[in-house]
1. Sorting check: for 47-60, 98-111, which peptide has the highest mean count of neighbouring beta carbons within 10 Å, and how do the rest follow?
2. Take Leu73, Leu39 and sort them by solvent-accessible surface of the protein heavy atoms, 1.4 Å probe, largest at the top.
3. Which of these values of Rg and Dmax of the Cα atoms in Å was calculated from the structure shown: (i) 29.2, 116; (ii) 19.9, 76; (iii) 21.7, 71?
4. Just need the relative contact order of the chain here, percent rounded to a whole number, with Cα pairs under 8 Å and 6+ apart.
5. Per residue, how many Å² of accessible area does the chain show with a 1.4 Å probe?
6. Against the 2.2 N^0.38 Å scaling, with N counting residues, where does the range 83-154 land? I'd like the Cα-based Rg ratio to two decimal places.
7. Once every DSSP H run of n ≥ 4 in the chain is given -39500 (n - 2.57) and the sum is divided by its residues, what mean residue ellipticity at 222 nm do you get, rounded to the nearest 500 deg cm²/dmol?
8. Pick from Ala24, Ala139, Ala71 the residue whose mean-square fluctuation is largest in a GNM of the chain, springs joining Cα atoms under 10 Å.
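The values are calculated or read from the model by the stated rules, or taken from the named source; none is laboratory data. A quick note: this is a predicted structure, and the numbers were derived from the prediction, not measured. So basically every Cβ, Gly included, is an ideal-geometry build from the backbone, and we count neighbours across all protein chains shown. We work out accessible area using only protein heavy atoms, side chains counted, and drop any ligands, DNA or RNA first. Shrake-Rupley method; radii C 1.70, N 1.55, O 1.52, S 1.80 Å.
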Amino acid sequence: MTSLIPMAASMAAEQKSADVTDWAARIGWLVGLVLFVALVYWLMREGWKWRGTLQSDLPELPTAPEDTGPAKLSMSGRYHGSTTAGQWLDRIVAHGLGTRSRVELTLTDAGLDVVRPGATDFFIPAEALREALLGKGIAGKVLSEGGLLVVTWAHGDKLIDSGFRSDRAAEHTEWVDTLNDMINKSTKTEGAR
């Protein structure tokens, strides 16, 4: 029994109290983390502005004429962005085309009127429309197959894909059919001249 007492005494001597929190080190790490996040955000913002500068050759977006005629179709939903045609990750940010927003689309004989609350509205003239199809992704937004209405149109010397999603996805097929019929009729009319 006598051997247990010296053993307990030596174990007690080896024990230390819990380390005290080093607040200066914790605050330093926290400030460093906040600065790192701010730097990443700033770099992303500068990249977005640089992309806009690279795309500055894109002409101003057309606005809707005074009289567009009666509406063939209308839709409310979301605008998911525009990309270079056929390159669904090459987002176009010039003139506000990269800003996602709510959208009200109206198709008339004059073209496609895109009204975006809180973002720049634009108009796609009927002669600029090239194709409409059902897609599944555009500029970082991926949906189920056929969940996105993609409209290809010409602006200046560039072909652009713009992605829209209706609040009622069942409307997409009707929009694709109507837009492609309208494009085919205008192509036949131009070819007959």
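1. Numbers: 47-60: 12.3, 98-111: 17.9.
Sorting 47-60, 98-111 by mean packing, highest first, produces 98-111, 47-60.
2. On the way: Leu73 20, Leu39 85 Å².
Ranked from most to least accessible, the order is Leu39, Leu73.
3. Label of the calculated value: (i).
4. On the way: 301 pairs, mean separation 34.9, N = 193.
The value is 18 percent.
5. Numbers: 12250 Å² over 193 residues.
Per residue, the chain has an accessible area of 63 Å².
6. On the way: Rg = 12.2 Å, N = 72, 2.2 N^0.38 = 11.2 Å.
Rounded to two decimals, the normalised Rg is 1.09.
7. Numbers: 3 runs with 64 residues, N = 193.
Calculated at 222 nm, the ellipticity per residue is -11500 deg cm²/dmol.
8. Sorting by GNM fluctuation, first place goes to Ala24.
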